[in-house]
Structures are given as structure tokens and as C-alpha cells.
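A quick write-up on the structure given underneath.
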Amino acid sequence: MHRDGVVSVVVPVFNEEANIQPLYERMDQVARRFAPLDLELLFVDDGSTDDSVPRMSALAEEDPRVRVIKLARNFGHQLAITAGLDHAQGDCVVVIDADLQDPPEVIPRMVERWQDGFDVVYGVRERRDGEGAMKRWTAKVFYRLLRRMTKVEIPVDVGDFRLLSRRAAAELRGMREQDRFVRGLVSWIGLRQTGVEYVREARHAGETKYPYRRMLKFALDGITSFSIVPLRLATWLGYAASGFAFVYLLSVFVQKWMGATVEGWATIMVAMLFLGGIQLICLGIMGEYIGRIFTEIKGRPLYVVDEVVASGAGDRPGVEPDRHAAERGSTDLESVG
Ligand code: UDP
Ligand code: MG
């Protein structure tokens, strides 16, 4: 179902109890700035175990603009965003984190750019306040590395805070891949894209849900879904190793001819360990890709919805979208949302 003149805002939430109310209040203020457009606020609960769900549900019951999509368990940030996009009914959809690191006050500027005719308006982090030096540095290295490995133009210093037009959102809904790197998928779509700069603030409350282990998984998803360069690495290492072996062979002949007898044990050990290491690395890289083929081939749905909380949901037929329509490859918005 599609609703005219509505800006949908999708918020993935995983244990953000102290951020729900402040976010809601700021969104409420912000919505006045893009009036006469209406607001639709979609909280996607990603298996929170704290007080987030009751707080969001209370908001949904008193404010008809708010809906809560409660996922059946923790599916991860990228899938929570996907669930929100699938359920959004507005003319455009904005994705924003629940922790107020991305200020809602930027949304009216995004809406303006969309009204100028852009399909994707992404937030560019001009500065990142309140994030550790290590996080900033790893993010920087990762985005620059990814840029070199893929033909898709993925902008640097850009997160998932962005606005999508109805048709861009419909295209994204059609992409049902499992290990999702949503910001890359959005770049892949193309259409008319632009950025607005903003200062990424410190978290309002709570702590990051992205420990280094999860960041690493996220980075690997980004690389493996947009590049096969790592697979080629094996070939290059192979060439380098055999080139080196050939040169070394020549030097062995020379030494033999000059009568120098070499003990050789250390050399053999080093060469063996080195080559063994390279082989294991290459196997690991292939494993990363094969593992993803494995999850993909099972064709499971991306997420499971436990329930949708909305005031008067009963008298709004069709709020439950046909999630499987998107899985069948349909990008027709009317049949999805
Ligand atoms: N999040 C989620 N599921 C998860 C992890 C995070 O929905 O498994 C949400 C989280 O509640 C927040 C957003 O994703 O709204 C970004 O997470 P976080 O702020 O922890 O990431 P960071 O900003 O530190 O990279
Ligand atoms: Mg955050």
C-alpha cells in the first residue's frame, strides 16, 4: 500500500530504551519542518531485550503516525533496515539510527533535495564526534579499500543515514540477497544520487552494538558482495611465489657450480611455512565466498516478523506487506508495500 504525501522514517532498534523517547520528540519537531508532508515513523525492533519494545508500543498506541515492526529475534542492523524499507508506505523513505548519532534535524534538508528531483540523498559525515580514533581510522581505511576493489561508486564517509525515493526504495526491495551491505546496494542502483553534509554526533545513550567482531563481519560482507578481487589474490600470490622459486633455483645452480655447500634446513623450513601460510590464506578467502554462496542458496526469508504494533491497525487493511512478493523478484511497489 502506498500513501501520498508521506515521508517514512525507518529506525532500526536494538536495546535503545533510553533513546526512544528523545528520538520521538525530536522527530515530532522535525516533522513540522517538512509539513504539509506527513510523517510515518517505523520502529523496527531487532530483538531487543530491554524496555525498548514497551516504550515503542506505547508511542504507537497513542500516535497513529508510529508503527512498530517487531522482528522475531535479533537479525542484525542491515536486516532490520531491510524490514523497515519493506514496510514503509511513504513517497520517500529515510533510514536513521535510533541512537541520535544522525541528527533528525538533517531530514528536512534531505527532503528538500528529494523535492529537487534526487532519488537518493545520503548523509555525508563531515565530522564524527564522539567516536573513538580507532573506529574512525578503521572506517576510513575500509571505505577507501572497498572503493579500489569495486566498480560500484560507493561514496566515502557515508553510512545508512539516507533518503530514498519511492522508486529507489522499490528497487532496493527487489534485492533479496542475504549478507547485505545496504549502503553498497543503494549505490549499485544508480539513478540520481547526492549527499548532504552533517556532523555525526556522539551516541545519546547506551553503547555501540557494533563491537570489532561485528564490524569485521560487516566489512567482509561489504567486500565480498561487491568485489571478487580477493579471489584473484590467490592467482597473483601464486605467480609471485613461482617467480621467486625460479630465481632461487638459478641461485642454487650458481652456488653448486661455485662449490659452496649449503646446509639448507632453515631455508626449506622458511619457504615451507611461508607457502603453507599463503595456501591457507587463499583457502580462507575462498571459504568466505563459498560460505556466502551456501547461505544464499538456501533461499530463506531475510527476517521473520513477530508482530506489527499500530494504533487502529485493524481498520487499515493491507498494512502487512507481502514480503514474499519481493522475494519472487517483483519490484512493483504496490504489490510489496
Ligand atoms: N542495531 C540493530 N541491530 C543490531 C545492531 C544494531 O538494529 O544487531 C541498530 C541500533 O539500535 C542502532 C543502529 O542499528 O539504531 C546502529 O547501531 P550502533 O549505533 O550500535 O552502531 P554504530 O553507530 O556504533 O556504528
Ligand atoms: Mg550509533
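With the charge dipole of the chain set up from +1 on Lys and Arg Cβ and -1 on Asp and Glu Cβ about the Cα centre, the Cα lying farthest toward the positive end among the listed residues ALA139, THR295, LEU275 is that of LEU275.
For the pair LYS298 and TRP265 in one chain, pulling the backbone fully straight at 0.36 nm per residue adds 7.0 nm over the alpha carbon distance.
Under the combined filter of DSSP loop state and at most 14 neighbouring Cβ atoms within 10 Å, segment 128-210 retains these GluC sites (Glu not before Pro): GLU153, GLU177, GLU207. Dipole magnitude for the chain: about 1660 debye, using +1 per Lys or Arg Cβ and -1 per Asp or Glu Cβ, origin at the Cα centre.
Each other residue within a Cβ distance under 14 Å of SER227 adds +1 if Lys or Arg and -1 if Asp or Glu, for a net charge of +2.
Segment TYR248..ALA202, full-extension length gain: 11.0 nm, with 0.36 nm per residue of separation and the alpha-carbon distance subtracted. Comparing segment 1-86 with the 2.2 N^0.38 Å rule of thumb, its C-alpha radius of gyration ratio is 1.05 (two decimals).
Taking Cα atoms, how many degrees apart are the long axis of helix 52-62 and the longest axis of the chain, rounded to 10 and kept between 0 and 90? That works out to roughly 30 degrees.
Considering only VAL11, ALA35, ALA60, the residue lying farthest towards the positive end of the dipole of segment 4-62 is ALA35, judged by Cα position with unit charges set on Cβ.
For segment 107-170, the list of trypsin sites (Lys or Arg not before Pro) that fall in a loop by DSSP and count at most 16 other C-beta atoms within 10 angstrom reads LYS151.
If R0 is taken as 30 Å, the Cβ-Cβ distance between GLU126 and ARG213 corresponds to a FRET efficiency of 0.55.
Each of ILE278 and LYS256 was given a label point 7 Å from its Cα along the Cα-to-Cβ line. The distance between the two points is 2.2 nm. Counting only Cα atoms, segment 191-281 measures 73, 36, 22 Å along its principal axes, largest extent leading. Any chance you could give the angle, 0 to 90 degrees and rounded to 10, that helix 212-226 forms with the longest Cα principal axis of the chain? Between helix and principal axis, roughly 80 degrees.
On the beta carbon distance between ASP38 and GLU288, with R0 = 56 Å, the FRET formula returns roughly 0.80.
Sorting 78-88, 45-55, 248-258 by their mean Cβ neighbour count within 10 Å, with the most densely packed peptide first, gives 78-88, 45-55, 248-258. Relative to the dominant Cα principal axis of the chain, helix 265-297 is inclined by about 30°.
For segment 109-230, the alpha carbon convex hull comes to 120 Å³ per residue, rounded to a whole number.
SER48 sits among other residues whose Cβ lies under 11 Å from its own Cβ, and their net charge, with Lys and Arg +1 and Asp and Glu -1, is -2. Candidates THR82, PRO103, THR150 compared by Cα position along the dipole of segment 63-179: farthest toward the positive end lies THR150, with charges placed on Cβ. Magnitude of the charge dipole for segment 106-217, about its Cα centre and with charges confined to Cβ atoms of Lys, Arg (+1) and Asp, Glu (-1), is about 440 debye. Modelled label positions at ALA18 and GLU177, each set 7 Å beyond Cα in the direction of Cβ, lie 3.7 nm from each other.
Cα centroid separation, segment 60-137 to segment 187-249: 23 Å. Measuring max minus min along each principal axis, the C-alpha atoms of the chain give extents of 93, 42, 41 Å (largest first). Among beta bridges identified by DSSP and lying wholly in the chain, the antiparallel ones come to about 35 percent.
Residue ranges 26-34, 233-241 sort as 26-34, 233-241 when ordered by packing (mean number of other C-beta atoms within 10 Å per residue, highest first). The GluC sites (Glu not before Pro) of segment 238-297 that DSSP puts in a loop, and whose beta carbon has at most 13 other beta carbons within 10 Å, are GLU263. Taking Cβ atoms as reference points and 12 Å as the exclusive limit, the residues near PRO211 contribute a net charge of +4, counting Lys and Arg as +1 and Asp and Glu as -1.
Values in this text are rule-based calculations from the coordinates and carry no lab data. For clarity, every value in this text was computed on a predicted model and none was experimentally measured. Backbone-built Cβ (ideal geometry, glycine too); neighbour counts: all protein chains shown.
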